[in-house]
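The values are calculated or read from the model by the stated rules, or taken from the named source; none is laboratory data. Predicted, not measured: the structure shown is a model, and the values here were computed from it. Here Cβ is always computed from backbone atoms with ideal geometry, including for glycine, and neighbour counts include all displayed protein chains.
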Amino acid sequence: MTIEERLIAGVQEAVKALYGLEATAQQVQLQKTRDEFEGHLTVVVFPFVKAARKSPEMVGEEIGKYLVEHVSDVVARYNVVKGFLNLVISDAPWIALLGKVNADEKFGFVPVTEKSPLVMIEYSSPNTNKPLHLGHVRNNLLGSALARIVEANGNRVVKTNIVNDRGIHICKSMLAWLKWGNGETPESSGKKGDHLIGDYYVAFDKHYRAECDTLAAQYVAEGMDAEAAKEKAKQEAPLIKEAHEMLVKWEQGDPEVRALWKKMNEWVYAGFDETYKMMGVSFDKIYYESDTYLEGKEKVMEGLEKGLFYRREDGSVWADLTAEGLDEKLLLRNDGTSVYMTQDIGTAKLRFQDFPIDKMIYVVGNEQNYHFQVLSILLDKLGFKWGKDLVHFSYGMVELPNGKMKSREGTVVDADDLMDAMIADAYEASKERVKQTEMPEEEAREVARKVGLGALKYFILKVDARKNMLFNPEESIDFNGNTGPFIQYTYARIASILRKAKEQGIEIPEQPSSDISISTKETELIQKLNQFGAAVRQAGTDYSPSGICNYCYELTKEFNQFYHDFTILGEQDEALKQFRLSLAKAVAKVVSLGMGLLGIEMPERM
């Protein structure tokens, strides 16, 4: 039994013996003792006052005395503050708990079985006309961290991606490459495929704007209003007409257009794969919009036949959601073409065919809040069992301070550029901290990769996902404060201590001796370790990677305070030295588990 379980059972026995009350485990409220009072855990006695017919202070005194007498191997002493019974736990249970932390490879995690619920999480959702950018970085980091946290809470997880590989934006890149590419390929240009295609998307926009300006000036010269001339130019520009013609050919399955589309998309996918690998992001199943949009149309027509939707006079199909307090939603245009909602319905249909999903989580920006409110209702109407309870993991925008980092397009920050810059910054920061001769160059580069990407991931994930945020590269790479490098450095410090212990031939027992007296600081550190499972549970309940960040930071802060106040390898008492080494090892382990949930690697040396 855990310390908490022993105490709950002890309180149940106490109130039955003292007051004849059969209390449930849920009635026994345990919480961490407030810092200003002596104690480790506090029992709230108010639920038992009525049965006892005594004051809260008297009830606390009687239960405390009972626990000291009957659970003496756990409770050393107590004090009562109003209706709160503060308990000081003996040293032995804490030391035993430390042994359990070291022995459990997945301490704090709930085991996953074949019968565990299946949760599908969708994230990334890139377009194949440009590289991943800063917004995608936040999306991918949140999605992959959430997948690990959900799995750590005892769920089977399927990580999915929906690639937006069709539409007018794709045709713009294709047309630009045909006009100005001269057969350029990723190999001939030395560029990643997604960057190459992104360059042609920018090229299309540049030429299209020029055409619009020329036409607008012509229309104004012919006597048209400036605003009207601008809007007409956007519709009449030859380039946009050609792009629409290409889209029609794609829809009709034109062999040449489809072959070009496939070739250019493969370039992009190869580029995406490199970015995902660098970011430490992966997927179990990737869906493509080009496969799902027709499925969505079929599902909408099925709903139309069942009377779930209705057709307007112009032939378009709509869902009337006014009874749900929303508006009417377009599902198929009058020309039969689909909208994003239709495609999401089609994707849901394919996913439900592929997997027996119990819960579906969409990681998508907060500008789509209404979209997913509508999608949930429509999927429920169409018979998807998880539709009503789908989760939209909504997050805010992320931006960089002006002038901090340039992008190749001048408008958005490229994910590859951002990661490269973070790694370079980490390398320069490490050169300032240690002499280069102390670490081989290859190892220094690998440490810089872990630290740079760790700084990026931690800085983004520590912020409440619902909030807009400003990513500051300089602040994120700081080795002090609430940053990834600070936590990584603490881990590396512990790794160094453990290496030195091994070099000195010191055995670190999994279960330290209980015949020692340990300090309040040490029991507090073990208590903090014990809270890891609760932090994982809370992060899973709240869908909050930031909760894991906060826990890892608090744990490393507490360890550094302990390290400042106590010696480890210099301790003369061998049993106490082994205990402290075991404690340091457990901290490193739990920090590694926590940061692993965030996708952050821990360097053994820094």
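Structure above, values below:
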| quantity | calculated |
| --- | --- |
| Options LEU390, LEU375, LEU400: the member that is in contact with a Lys or Arg (Cβ under 8 Å, 6 or more places away or on another chain) and among the hydrophobic types (A, V, I, L, M, F, W, C) | LEU390 |
| Close pairs from the stretch 446-459: first touching a residue at least 40 places away in the same chain (Cβ under 8 Å) and not assigned by TED's automatic domain parsing to the domain that holds ARG138, partner in a helix (DSSP H, G or I) and hydroxyl-bearing (Ser, Thr, Tyr), Cβ under 9 Å, at least 6 apart | VAL447/TYR427; VAL447/SER430; VAL451/TYR427; VAL451/SER430; VAL451/TYR489; LEU456/SER476; TYR458/SER476; TYR458/TYR553 |
| Lone unmet requirement of (1) more than 23 Å from GLN353 (Cα to Cα); (2) surrounded by 17 or more Cβ atoms within 10 Å (Cβ to Cβ); (3) touching a strand residue (DSSP E or B) at 6+ places or on another chain (Cβ under 8 Å) for ASP320 | (2) |
| Hits in the stretch 517-530 - residues which are touching a helix residue (DSSP H, G or I) at 6+ places or on another chain (Cβ under 8 Å), surrounded by fewer than 17 Cβ atoms within 10 Å (Cβ to Cβ) and not in a helix (DSSP H, G or I) | SER517 |
| Residues within the stretch 18-57 that are over 41 Å from the mean Cα position of the chain (by Cα), loosely packed, with under 14 Cβ neighbours inside 10 Å and at negative phi, tallied | 3 |
| Positions within the stretch 220-243 being assigned to a helix (DSSP H, G or I), surrounded by 14 or more Cβ atoms within 10 Å (Cβ to Cβ) and either in contact (Cβ under 8 Å) with a residue 40 or more places away in the chain or not acidic (Asp, Glu) (or both), in sequence order | VAL220, ALA229, LYS230, LYS232, ALA233, LYS234, LEU239, ILE240, GLU242, ALA243 |
| Subset of the stretch 353-394 that is assigned to a loop (DSSP other than H, G, I, E, B) and in contact with a helix residue (DSSP H, G or I) (Cβ under 7 Å, 6 or more places away or on another chain) - its residue that is nearest to GLU114 (Cα to Cα) | ILE357 |
| Residue within the stretch 203-211 that is without any contact (Cβ under 8 Å) to a residue 12 or more places away in the chain, out of contact with any Pro (no Cβ under 7 Å at 6 or more places or on another chain) and surrounded by 13 or more Cβ atoms within 10 Å (Cβ to Cβ) present | yes |
| Members of the stretch 199-256 found to be among the basic types (Lys, Arg) and under 26 Å from LEU178 (Cα atoms), listed by number | LYS206, ARG209, LYS232, LYS234, LYS241, LYS249 |
